[in-house]
Structure formats: structure tokens, C-alpha cells
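Values quoted throughout were computed directly from the atomic coordinates according to the rules given, and no laboratory measurement underlies them. Note that the coordinates shown come from a computational prediction; the quantities given were computed from them, not determined experimentally. When we count neighbours, we look across all protein chains shown, and the Cβ atoms used for this are built from the backbone with ideal geometry, even at glycine.
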Amino acid sequence: MPKVSLTVNGRAVSADVEGRTLLVQLLREKLGLTGTHVGCDTSQCGACVVHIDGKSVKSCTYLAVAAEGANVTTIEGLANGNELHPMQAAFKEHHGLQCGFCTPGMVMSAVDLAKRNSNPSEHEVREWLEGNICRCTGYHNIVKAVQAGAKAMAGAKAAAD
Amino acid sequence: MGAEGIGAAVRRKEDFRFLTGRGNYTDDINRPGQTHAYFLRSQVAHATIGNIDTAKAAKAPGVVAIFTGADFAADGKGGLPCGWLVKNKDGSPMQEPPHPVLAQGKVRHVGDPIAVVIAETREQAKDAAELIDVQLTELPVVGTMADAVKPGAAKVHDGGNVCYDWHIGDKDACDAAFKKAFKVAKLDLVNNRLIPNAMEPRAAIGDFDRATGEYTLYTTSQNPHVIRLLMGAFVLQIPESRLRVVAPDVGGGFGSKIFHYAEEATVTWASAKVGRPIKWTCDRAESFMSDAHGRDHVSHAEMAMDKDGKFLALRVKTDANMGAYLSTFAPAVPTYLYATLLAGTYTTPVIYAEVRALFTNTVPVDAYRGAGRPEATFLLERLVDNCAAEMGMDRVEIRKRNFIPADAFPYQTPVALQYDSGDYQATLASALKIADWAGFEARRVAAAKKGKLRGIGISTYLEACGIAPSAVVGSLGARAGLYECANIRVHPTGSVTVFTGCHSHGQGHETTYAQLVADRLGISIDQIEVSHGDTNKIPFGMGTYGSRSLAVGGTAIVKALDKIVDKAKKIAAHLLEASPADIELKDGKFVVAGTDKAKAFGEISLAAYVPHNYPIDTVEPGLEETAFYDPKNFTFPGGCHICEVEIDPDTGVTKVVKFTAVDDVGRVVNPMIVEGQVHGGLAQGIGQALLETCVYDENGQLRSGSYMDYTMPRADDLPSFDVATQSTLCTHNPLGVKGVGEVGAIGSPPAVINAVVDALRETGVRHIDMPATPSKIWALLNSGRRAAAE
Ligand code: FES
Ligand code: FES
């Protein structure tokens, strides 16, 4: 069995995996990071989105061995202890989640968008979220949350700079 | 209202764990020594099963055990029960064919489970399943309802393809009214089959404890107690006391997680056989062919009108697809949840409906968001538009003329229900204003200049929820009453746990219920926890569906709170040396009326648990109360949805440019959550109208079997919504609440299709079945153009 070594949420980890093991399986089953979800088998739903080297990726179509040496961030790596990341806080404030199943993937996708575009229009948010399905919210509040979260992230960054 | 009490848009308590990845869904749970199950499912729609050779598979790496339907039968276990029986027109019982947990003798739909492989890993189980050799002899397929009733049709079950032939209303009076009609509007329509598609795929873990002989089932369920009852009593035949069912965080249900499924029974039963926990998680493709589907009606409807456009009588004939087996509540959906809603918001004095339920070689159909009520609403609100066209009358005017007036409540319909409250003129007026109905013509002209066809559609719907009054549902064929239970435990230092028989899978109960308690006891919601989904913690419960959580479950909480306050007053009276009658609960304190003598809530609870100065002769220690609430009636939310669309005639693509929803859901406890529920329902309703549909080919193969070919609404397919609420209070529960979970999915499909038909009206289109896909519209437009050119 091949061994894979990578950094997950700032921690160096390694594990023995099968060639066919997917990144999402490594995260959920070997590392116990169950915040990343599996909602489909056709890379359509986006419940499994994580960041690899800062970019959003569907971990259900990414082989674990391909993540060798990569820097992976999952939903568990976003908040600072009990302090929510600005995007997470925006989802809470704008009621951008209901059952919470699509939420980790939504938030990870949204953070990537916000890094590229600190002030996305409603249309830009809706287009960006094409790969993330939510069955509960009707997206209305997710769109608002992503816009607010992007602004908050830009504000936090400006304050830090 | 307090800052956190009834009426406040409190942010949700549950969000922190969901947002940080700490949610605990069934697939996140792992038990020590766990094995994995994979179900071998039929690839064909109809066949007899010959020999099943598992020898080779049994030797495959990691395989622990393989079971088939024969093993289940040999062990004396039962099939999956149906929870609601319906009678035929002549009073005879409906056909209730057996529903084996694993197929026995025949497979009846693609996805019907034949065997289960238990192995060390899921991959090994899946690999081994490929080595099972099943001899199937294919039989002719009953693919559609039309096939099911053809003379000489193949039989899905020995008793034939008709499950029941039911009716409601007065046929003779209806026929007589039609004879006197000034005009009659007619409509044939299909309510398309849908796949619920909660984002969390179903999962189940069976865990038998050899030391205690107890079974635990973790499952993605909306109603764990019901699953315990059905599985324990009917399938496994073991006492409830040895069966614990836990439904932890559940990633959406929409009805599809109400029912008792084969996989739950299989892993629970098999875990005792193999002596290890067994986990099953379905993948999405599997969920498409094993979760109960929704809708699937074909109807013919006629409305008789007088010369003023007043409705005289409604006649409806509906065929409803049951699929290959009866899912738990399937027979109730096209009867008591559908035909009883055909009065809608109107005074139609006579209604007659005939419903035939048919078996086909397809996945079983059962309740999906709205269940029966969307089907009734779609039929009625499409038909009313046709009535307006037939009369040459305005669509709004004909509705206004036929509305049940606000002063006519309680209102008895001709189809069993008695509505307690509503004000349909008010929701209509408010929606017309928000949608700027009056300004539409100008927008149509502007769109036409850009070459676009713009249309506007309206739906003034009504639904029945808060399921259900036990006596009523019992008389209607339900095998169980449907009250709800709440237990409230005040802990020694004054924090509170609410144990509810309802189940939250996105509805935000942990917040809304905490608000009810905060409102009554005057304590912060941070002091209140809501516990649900575990049969070992909660006395009993019927779960969450049919928008019953607040109207029924919330009322049970209120009743339990009354008892808590009653007892707390007695304790306070003793501590304050006053009479209980003089004690008032104010801002979280128990006060002797007219004095400043008071005890804080925490002081009372402490006294209750660690008594040294306590009236132990008259009041028992502890502060915990249970209440069961059985509602007197359903609740009746209603409202008005208005949809505006723009169609590109070159591509047939419909864009929803504006959607307005004004819903009367009774009292609103948390407006933020109420709006969110409406949004979600609208997305599913608009999805049905424009995008979603379940397609089978003539061999019974599921064509729309993944997200590659079942069109789920995505962010870019939907608009932002204009939603508002209006409140006429429910008159028979103390909260005045009606329910909101389904209104969006009920009111919106006819509003969308009415808008599409309106946009296409000039081209001669009078009806279009859902989903109004681009190719369908493009074809309609082009046949129209061709006809015009000829
Ligand atoms: S699970 Fe990865 S896209 Fe659906
Ligand atoms: S919140 Fe349930 S799927 Fe998005």
C-alpha cells in the first residue's frame, strides 16, 4: 500500500492508502475529519470541497496519493478555536444553512471565491456556486452570506495589513 | 416579545457545529469492530429469481457474511409494513401485497435488493457482490400507469395492478351541478415523478450488543420512534425495550426519510447474526433507486361554473403511481392528503374525486415535501386559470369571486376538512402589491421589444398540516394516532433540556423550541438544550413531517411548560410563605403578586432537587414534566405566490425573473427560520416546474439515475425571492401556529406553470406539463409557428 504524507489543517500527517483511495476517504475514514461530506458519486454536488494549496477542490475526485506533499485545509481548519472564520460567521448571521450537510463544501467554495473577488455580485456568486448543490435553503440566503462573508474577509485582511 | 422569545429572529444555536464540521451525521459514526454492508440490487425491472449462488463471493477477501431473502424468511422475520390502509369504493379493503425486506421469488423494480454482502470494508463488500451469480428470468415490464391498466397487462403482484380504487364526495350532486353549468373548464395534467434528493444519502448502522441482547440502529430518519415501532413489532419482532433507534444529525429529509426502509431492518437483524456492528451508506446512484420517489399523478379535472364565473362543482379523476411496493405511508398520499385538499381556497360547493392507485415496476412512491397537497394545488390552480380563460375573465378576479370569505371561518368543505382560519383576500392583495401585478403589462411590452416572451402567473393555495388529529387519521385508515410528546427536564441549577418526539433535519428546532421555553420561563436560550432523535432519551414521538413540529410538537412543549410552571409556583409559594394562587412568573422570577418578594427560577429548581426547606409532603422533588398533545384539527396555512418569467423563444429557456410569496403560516416564532423554510420550498417547487423529473425507459430502466441526468436546481437556476408573511392565527393550538415547511413547494409549481402558459398564450399554448424544459417549450413554440405558417 502506498504511503502518502501531507499537511492537513497545519498538521503533518501520513497514512497508508490504496491506490484507489480518494482524498475524501483519507480525510473522513483515516483522519477522522468528518466535516467534509460525500453527497454524490459524480462530482456534481460539492459537499466534499476542501482547499488544496489554497484552492477549492472536490475531494471526492482527487486521489489521496495525488495529495502527496500538499497543504490541505478542511472545514475543521477554518475557525480559530471557538471563533468562527468571517465566512462561517456570515453563514450563521444570514441563515445560509439548514440541515448543514452541504455547508462545509459551500463555505470552502465561498472562501475561495472571496479570496479571488472581495466584492462579488449576486450573479457572480450564483455562477461560482454552480458546483455546489443545496437542497434546503433555495440559495437565497447562501448568496447573501457569501457576499457578506467576502466583504468581511476583505475587511479583516485590510485591518491586518 | 423578549429578545430571544417568540417573534425574534434569533440566530440558530445548532449552526456552530454545522459550520465547523462538527455535525454528527450517521455516516460520521463508527462503531468498534464495525463491518460494512453492500446491497446487491436488481438491474432489471421485473424478473423471477432462480438460484442465487453466493459460494464464490463468500470466499472473496474480507467477506464476513452474505444474506438473501431466503435467510430472512427462514428466520421467521416479516416484511416491511404499510402504515395506512385505504378502502375501495365498494368498501372492500385495498390490495396490500407483501414487501419483503430482501426480494423473495421476484424482483419488481430496478434497485430491488436481492442480497446483502457484509465485509471488512465497503470496497470489499462491493467487489464481492459482483461475484454473486443470480439467475433471473425476465418478465414483461409494467413501466407506466397506462401499461398497468392495459388489458392483459403483466401483473406486478398476484392481485393485479390496482392497489385501490377510492373516491370522496357526492357523485350524483356533482353530475347534477355539471348539467346546470353555464360553462365548463377542462384540463388533463400530469404531476411529474420526482426524486427527493436530500443532500445526505441515507445510511444505517446496526449494532447488536451480545452482552445485553440490545440492538441499536443509527439511521438517517425523520422519526426514530416510528422506525423502532415498525421494525421492532413487524419486521424483527423484538420488544421495544431491546431496541434503540438513534437518528443523529440528518442532512435533509423532505419526506424521503420518514419511511422504514429495508436497509435499516437488514443491518439491524444481520448485526446479531454476524456479532459485529454493520454500517451501510448508500451512494447517490443507489439513493436514486432506493429512496421513495414523490408525486407521479395523471389527472383529468373539470370545473362547472355559473354565468358569473362562480364555481359550481369540481370533478376529478386521478391515477396515482405506487411503484412496485407500498412504502410506509404511500396509500394516504393520493387520498387523504390530496383529494381532501381539492376545495383549496374556494367555496366550490360540490366536489367529487376518484383516485385509482396503481402498481408499476418502478421504485415505490411516497410522501415528498407537501405530499398530496402540491398535487391538489397544482391541479386546482392550473384549472382555475383555465376557468378564467374559458369565461374570458381576469385570473385575479375569478379567484376573488370564489374565495372563502374571511368571515366564513370555521369553514366546512365538501371534502371532509374544516378550515379554522384564513384570509385569502388579504394574502392576495399583499402579493399583488409586492409583485407589482399592475405594472406587469409594461414589463411585458419592454420584454417583447427585446424579443423575449414575458409571463406572470398566480397561485392562491391552501394546505393542511400539523398532522394529525389521531381520531381523524384513525377513521381515515391510519394504523397509528399521530400526537406528539415533549418532556422538559429542569436541572438543579436552572438549565433546561427539552426532549421532543419531533426530529430536526434542518428546520432549526434546537433554536425555535428553545425560544418557546425562553419565552415562557424568562431564561436565556443559552440555558436551554433541545434533545431529539434518540428513542432511549425521549418517551415517545411521531417525528417530523407534514409541517407538524411546531403546531403539534411545539404545543406539547407548551403543555409540559404549563406543568413545570404550575409545580414551580407551588415550590415558590412554599419558599415565600405565600399561597400558590398569588405567585406570578415575571421576567424569569416567581413573585408574590403585589410585593417585591421573589425567587429566581434557579432558586426554585435548586430547591426542587436538593431539598432541605421543601414541602415534601405535598410536592415531589424534581422538576420534570411530560406532556402529550393530540391536536383537534389540522392547521391550514395558505397564501399567494406570484411568478414572473421570461422565455427566450430562440432557445426555449425560461428564466424566473421575479418570485413573490406571501404565506399565512399563523404566528411566526422565528421569522428568519420561517423565511428560510419558504425559500427552500420554493426552490423545490420551481425545480419541479422547470427542471426536475424522474424518467424511466420502456424497460423500466431509470434514465435519470444520477446528478448527471437529474436536474437539481443550482444557485444559478433560481432568483432571489420576495417573501412576506401574513398571520391569521390557528384557533385550536395555544401558539396559533400553522406550519411552514411545505408551503413553498405547494404554492410555487402552479404559479410557475401559469406564468409560462401566460407567456406562451399568444402562441396558442394552453397547458404545459412539468417540467417546462427548454426543449419542450422550444418544440411547442416551433409547432405553433409551423401551424401559423401553414
Ligand atoms: S461528493 Fe464530491 S461532488 Fe459530490
Ligand atoms: S443546508 Fe441542507 S443541503 Fe444545504
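In this Cβ point-charge picture (+1 for Lys and Arg, -1 for Asp and Glu), the protein assembly as shown has a dipole of about 680 debye about its Cα centre. Model label sites at B:SER92 and B:ASN782, defined 7 Å from Cα along the beta-carbon direction, differ in position by 5.0 nm. Under the simplified labelling scheme, the B:ALA73-A:ASP53 pair shows an inter-label distance of 5.9 nm, with each label point 7 Å from Cα along Cα→Cβ. Just checking the listed ones, A:GLU83, A:GLU122, A:GLU18: in the Gaussian network model of chain A with Cα springs under 10 Å, the one fluctuating most is A:GLU83. About its Cα centre, the range B:1-41 has a charge dipole of approximately 80 debye under the convention of +1 per Lys or Arg Cβ and -1 per Asp or Glu Cβ, with nothing else charged.
Can you tell me the length gained on complete extension of the stretch B:LYS171 to B:THR497, counting 0.36 nm per residue apart and subtracting the Cα distance?
Taking B:LYS171 through B:THR497 to full extension adds about 112.1 nm, to one decimal.
When the square roots of the Cα gyration tensor eigenvalues are ordered a ≥ b ≥ c, the ratio a/c for the range B:96-177 is 1.5 or more and a/b exceeds b/c, which makes its shape prolate.
With the simple spin-label model, which puts each label point 7 Å out from Cα in the Cβ direction, the B:ARG242 to A:VAL13 separation comes to 4.0 nm. The rule of thumb for compact globular proteins, 2.2 N^0.38 Å, goes into the C-alpha radius of gyration of the range A:1-101 1.09 times. With 0.36 nm allotted per residue and the present C-alpha distance subtracted, the A:SER118-A:ASN80 stretch has 11.6 nm of extension available. Go ahead and estimate [θ] at 222 nm for the protein assembly as shown from helices alone: -39,500 (n - 2.57) per DSSP H run with n ≥ 4, summed, over the residue count, rounded to 500. Rounded to the nearest 500, it is -8500 deg cm²/dmol. What is the distance in Å between the Cα centres of the range B:278-331 and the range B:610-656? Cα centres, the range B:278-331 to the range B:610-656: 25 Å.
With q set to 0.06, 0.08, 0.11 Å⁻¹, the log10 of I(q)/I(0) for chain B, from the Debye formula over equal scatterers at the Cα positions, is -0.40, -0.70, -1.24.
One equal scatterer on each Cα of the range B:1-154, no solvent, Debye formula: the resulting log10 I(q)/I(0) at q = 0.10, 0.18, 0.19 Å⁻¹ is -0.61, -1.13, -1.20.
Of A:ASP53, A:ASP41, A:ASP112, the residue with the greatest mean-square motion in the GNM of chain A, using alpha carbon springs below 10 Å, is A:ASP41.
Could you work out the relative contact order of the range B:465-595, using alpha carbon pairs under 8 angstrom and six or more residues apart, expressed as a whole percent?
27
For B:LYS13, the residues whose modelled amide H falls within less than 5 Å of its own, excluding neighbours fewer than 5 places apart on the same chain, are B:THR511.
Computed about its Cα centre, the charge dipole of the range B:108-197 is approximately 800 debye, with only Lys, Arg, Asp and Glu carrying charge at their Cβ.
For the range B:345-470, what number results from the quotient of the Cα radius of gyration and 2.2 N^0.38 Å? That ratio works out to 1.30.
Can you tell me the length gained on complete extension of the stretch B:THR711 to B:ASP630, counting 0.36 nm per residue apart and subtracting the Cα distance?
25.2 nm
With a 10 Å cut-off around each Cβ of A:28-41, the average count of Cβ atoms from other chains is 5.
Pairs spanning more than 20 Å between alpha-carbon atoms, out of B:LYS317/B:LYS632; A:LYS92/A:LYS144; B:LYS87/B:LYS180; B:LYS87/B:LYS257; B:LYS569/B:LYS589: B:LYS317/B:LYS632; B:LYS87/B:LYS180; B:LYS87/B:LYS257. Assuming a ≥ b ≥ c are the square roots of the Cα gyration tensor eigenvalues, decide whether the range A:66-161 counts as rounded (a/c under 1.5), prolate (otherwise, with a/b larger than b/c) or oblate. It is rounded, given that a/c, with a ≥ b ≥ c, falls under 1.5. Each Cα pair under 8 Å and six or more residues apart adds its separation to the average, and for the range B:76-144 the resulting relative contact order is 18 percent. Of the residues A:LEU33, A:GLY46, A:PRO120, the one whose Cα sits farthest towards the positive end of the charge dipole of the range A:1-137 is A:LEU33 (charges of +1 on Lys and Arg Cβ, -1 on Asp and Glu Cβ, taken about the Cα centre).
For the pair B:ASP648 and B:ASP436, what calculated FRET efficiency results from E = 1/(1 + (r/R0)^6), where r is the Cβ-Cβ distance and R0 = 25 Å, to the nearest 0.05?
The value I calculate is 0.65.
Reducing the range B:374-441 and the range B:1-28 to their Cα centroids gives an inter-centroid distance of 36 Å. Straight-line cross-link reach from B:LYS183 at under 18 Å between alpha-carbon atoms covers these lysines, not counting any fewer than eight positions away in the same chain: B:LYS307, B:LYS310. Of the beta bridges in the protein assembly as shown, as assigned by DSSP with both residues counted there, near 80 percent are antiparallel. Applying Stokes-Einstein at 10 °C and 1.306 mPa s to the Kirkwood radius of the range B:667-790, computed over alpha-carbon pairs, gives a translational diffusion coefficient of 93 µm² s⁻¹.
Place a point 7 Å from the Cα of B:LYS180 along the Cα-to-Cβ direction; which residues of the range B:347-374 have their backbone N under 18 Å from it? Only B:347-352 fall inside the zone, counting backbone N under 18 Å. Debye-formula intensities of the protein assembly as shown, expressed as log10 I(q)/I(0) at q = 0.08 Å⁻¹, are -0.78 (one equal scatterer per alpha-carbon, no solvent).
Look at the stretch A:125-132: the mean tally of other chain Cβ atoms within 10 Å of its residues' Cβ atoms is 3.
Give the residues of the range B:58-74 whose amide nitrogen is closer than 16 Å to a point set 7 Å from the Cα of B:GLN104 in the direction of its Cβ. Once the point is set 7 Å along Cα→Cβ of B:GLN104, B:67-74 turn out to lie under 16 Å by backbone N, inside the range B:58-74.
Of the residues B:ALA262, B:SER430, B:GLY372, the one whose Cα sits farthest towards the positive end of the charge dipole of chain B is B:SER430 (charges of +1 on Lys and Arg Cβ, -1 on Asp and Glu Cβ, taken about the Cα centre).
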